[in-house]
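S.K.: If you scroll down you'll find the structure; I have some questions about it.
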Amino acid sequence: MNSPVNQIKERLSIEEVVSSYIKLERAGANLKAKCPFHNEKTPSFFISPSRGSYYCFGCGASGDIFTFVEEFEGLDFKGALKLLADRAGVKLESYNRENKEKEGEKERLYRAIEEATLFFENNFSLKTNQSQAEKESKNALAYLKSRGLEDKTIKDFRIGYAILDWRRLYDFLRSKNFTDLEIEKAGLAKKTEKGMYDRFRGRIMFPIADSSGRIIAFSGRILIDDGKSAKYLNSPETPIYNKSSVLFGIDKAKDSIRKNNFSILVEGQIDLVLSHQAGFKNTVASSGTAMTDSIISKENIINNLGLVNRLSKNIVLAYDADKAGINAANRFAKIALSLGMDVKVAKMKEGVDPADLISKEGADAWREAIRNSQHFIPFMLERIMKDAMSDGRKIGRGIRERLLPFVNDLESSIEKSHFITLISNKSGIAENALMEDLKKVESELKYETEEIKTAKENVEKKLRKDPIERRLLGIAFWQESMQNRAIDPEIIFKKLAKAREVYKNVKEDLIYEAEEFYATSEDLQKDINEMMLSIEEEYLNEELVRKMIELKNLKDKKEEIEILKKINEINKRKEEIKNSR
Ligand SMILES: [Zn+2]
């Protein structure tokens with residue numbers, strides 16, 4: 001029987017899939033593009049239609065339609081499989097090999113979340129004799145209406161309500177045969193000495209979906225503020241929800257971002273749904289994203305912006321223009337600028353958020369705010385000049401402290417010099433004085449710039465190494481579990497010893513992926529050879545960086561010869577691999 005993977009591969013060409021995300025150019029028998037996985041000006045991303053694969057000579061990213069969708073969309077293998085199966089018109093349900101009949105852990109969690117979503121949705125049409133619950137859900141619905149949400153929007157976004165009670169959802173899920181552990185793992189209930197109780201109580205429930213549209217978590221807004229509880233409560237990290245990799249609304253926004261060639265970033269759930277309702281389907285929301293200054297948080301923001309950035313370089317920040325909003329927007333702006341994105345800020349009055357603007361002044365006012373959005377640098381400059389009220393020294397200080405750090409983040413030197421001229425023209429400060437200060441800012445912020453750079457590199461490295469490591473390990477785990485092996489798994493384990501540790505807790509997923517790919521395929525050995533080379537290349541690059549650092553920090557001259565010899569060997573091996581392609 002032909003597996004879904006093979007059916008999909010037969011129906012969808014790599015050309016068709018990749019060109020639905022990025023623009024391709026002909027290059028002989030192949031196609032090329034600017035690589036979506038690293039920032040570049042000239043195309044080094046090549047697609048081979050005959051082999052059904054892609055390879056980037058700039059960063060080493062490589063794979064097939066499945067890895068492409070996984071990395072581009074930030075999905076796991078099953079998410080990519082669902083998305084591509086939908087697109088190819090291949091049914092997944094009918095495909096049940098004997099050993100697949102047992103539902104995996106993640107499937108159970110997805111299903112628990114789906115059941116919970118339905119449960120919360122149904123609470124809006126509650127007809128019971130429990131008058132309190134009915135009253136609550138009516139109030140919740142009335143609240144949403146008062147904020148300007150239409151029935152269709154509530155339905156489309158599958159918004160629901162969690163009644164203020166201890167274990168309604170828990171009891172419901174138990175009746176659907178979910179275990180305590182599953183309910184807890186899905187982040188829906190908490191365990192205490194007195195038993196289990198629902199995590200979300202008395203809250204309006206906004207489902208959070210991944211880019212393939214699977215619901216993976218919730219954000220709950222409190223209905224009646226008791227002064228003690230958080231206004232918004234999000235699901236904890238779970239095996240299916242990684243907080244760092246999801247912007248809310250991305251599943252509904254991605255096509256529109258690509259078509260309109262820009263995205264709108266708002267803060268809250270209600271901003272998001274109202275913006276969609278007003279016709280701006282290219283809107284995503286950041287709420288819940290870690291907003292601290294740590295390097296992890298920087299990686300989170302880069303991850304979050306990743307898909308949006310790959311779909312379009314243009315982004316409009318539409319945050320509540322109060323101070324907290326500006327700070328949050330600033331963190332995104334800094335990283336977006338350093339990713340080479342074109343960052344604009346929507347023109348809204350201070351203290352007004354997008355939801356207020358849309359519900360009170362209508363969709364047209366929102367359209368105007370977007371249309372009149374301004375590049376981040378002149379936006380900040382205007383604000384600084386307004387705050388300083390034409391006090392020259394204050395303006396100078398404001399520019400130095402609040403603006404030049406962003407100019408410093410700009411990726412391109414041409415842009416930098418463009419904005420320095422603009423700031424000089426508007427503020428009357430001489431260009432060379434600004435340049436001098438920019439140099440000082442540059443050295444003061446060296447640490448931060450380095451951190452952003454490291455975070456960027458970590459994310460990029462993950463993008464190109466992860467899929468290969470996962471696929472190879474999957475094959476090895478799968479073969480290890482078989483009696484009649486087609487290959488010796490130890491060869492893979494030996495090379496990927498470290499990665500094996502990292503991925504051992506998702507072993508079942510990886511086996512599933514490998515089986516889907518190779519159970520009925522003849523390409524196993526050929527693919528392994530190719531992936532082993534790619535991964536070797538990646539490891540050599542990492543080794544090279546380490547050796548360079550060693551060389552730089554060298555105290556003992558005697559070691560120098562040894563390290564140089566090693567570097568020479570690495571480069572020679574890299575050349576061999578390159579020539580074998
Ligand atoms: Zn690349």
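S.K.: Looking only at residues in segment 60-76 that are at pLDDT below 85 and under 23 Å from LEU247 (Cα atoms), which one is farthest from the ligand (Cβ to nearest atom)?
M.R.: Looking at the filtered set, the residue picked out is ASP76.
S.K.: Considering only segment 443-454, I want to know if a residue exists there that is crowded, with 16+ Cβ neighbours inside 10 Å and not in a helix (DSSP H, G or I).
M.R.: Yes, the conditions are met somewhere in segment 443-454.
S.K.: Applying the selection to segment 361-388, what residues are more than 20 Å from SER424 (Cα to Cα), open to solvent by 40 Å² or more (accessible area, probe 1.4 Å) and touching a residue at least 40 places away in the same chain (Cβ under 8 Å)?
M.R.: ARG367
S.K.: So ILE14 clears everything in (1) more than 10 Å from the ligand (Cβ to nearest atom); (2) at positive phi; (3) open to solvent by less than 50 Å² (accessible area, probe 1.4 Å) except one condition, right? Which one?
M.R.: In the conditions (1) more than 10 Å from the ligand (Cβ to nearest atom); (2) at positive phi; (3) open to solvent by less than 50 Å² (accessible area, probe 1.4 Å), ILE14 misses (2) alone.
S.K.: Another question, then. Name the one entry in LYS41, LYS34 that is surrounded by fewer than 22 Cβ atoms within 10 Å (Cβ to Cβ), among the basic types (Lys, Arg), within 16 Å of the ligand (Cβ to nearest atom) and over 21 Å from the mean Cα position of the chain (by Cα).
M.R.: LYS41
For (1) of a type in the set (D, E, K, R); (2) in contact (Cβ under 8 Å) with a residue 60 or more places away in the chain; (3) within 25 Å of PHE77 (Cβ to Cβ), each residue gets a yes or a no:
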site	(1), (2), (3)
LEU173	no, yes, no
PHE178	no, yes, yes
LEU181	no, no, yes
ARG203	yes, no, no
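S.K.: Just to be sure, is ALA27 within 16 Å of the ligand (Cβ to nearest atom) and surrounded by fewer than 17 Cβ atoms within 10 Å (Cβ to Cβ)?
M.R.: yes
S.K.: Restricting attention to segment 48-59, report how many residues are open to solvent by 20 Å² or more (accessible area, probe 1.4 Å) and within 12 Å of the ligand (Cβ to nearest atom).
M.R.: 3
S.K.: Answer yes or no: is there a residue in segment 475-494 that is modelled with pLDDT under 85 and open to solvent by less than 60 Å² (accessible area, probe 1.4 Å).
M.R.: Scanning segment 475-494 turns up no residue that is modelled with pLDDT under 85 and open to solvent by less than 60 Å² (accessible area, probe 1.4 Å).
S.K.: Being part of a loop (DSSP other than H, G, I, E, B) and at pLDDT below 90: is that true of PHE37 here?
M.R.: yes
S.K.: Being open to solvent by less than 80 Å² (accessible area, probe 1.4 Å), closer than 27 Å to LYS298 by Cβ and part of a helix (DSSP H, G or I) is the requirement here; does GLU415 meet it?
M.R.: Here the answer is yes, as GLU415 does meet what is asked.
The values are calculated or read from the model by the stated rules, or taken from the named source; none is laboratory data. Being a predicted model, the structure only gives us computed values, none of them experimental. As a convention, Cβ positions derive from the backbone with ideal geometry for all residues, glycine included, and neighbour counts pool all protein chains shown. Side chains are part of the model used for accessible areas, which takes the heavy atoms of the whole protein and leaves out ligands, DNA and RNA. Shrake-Rupley method; radii C 1.70, N 1.55, O 1.52, S 1.80 Å.
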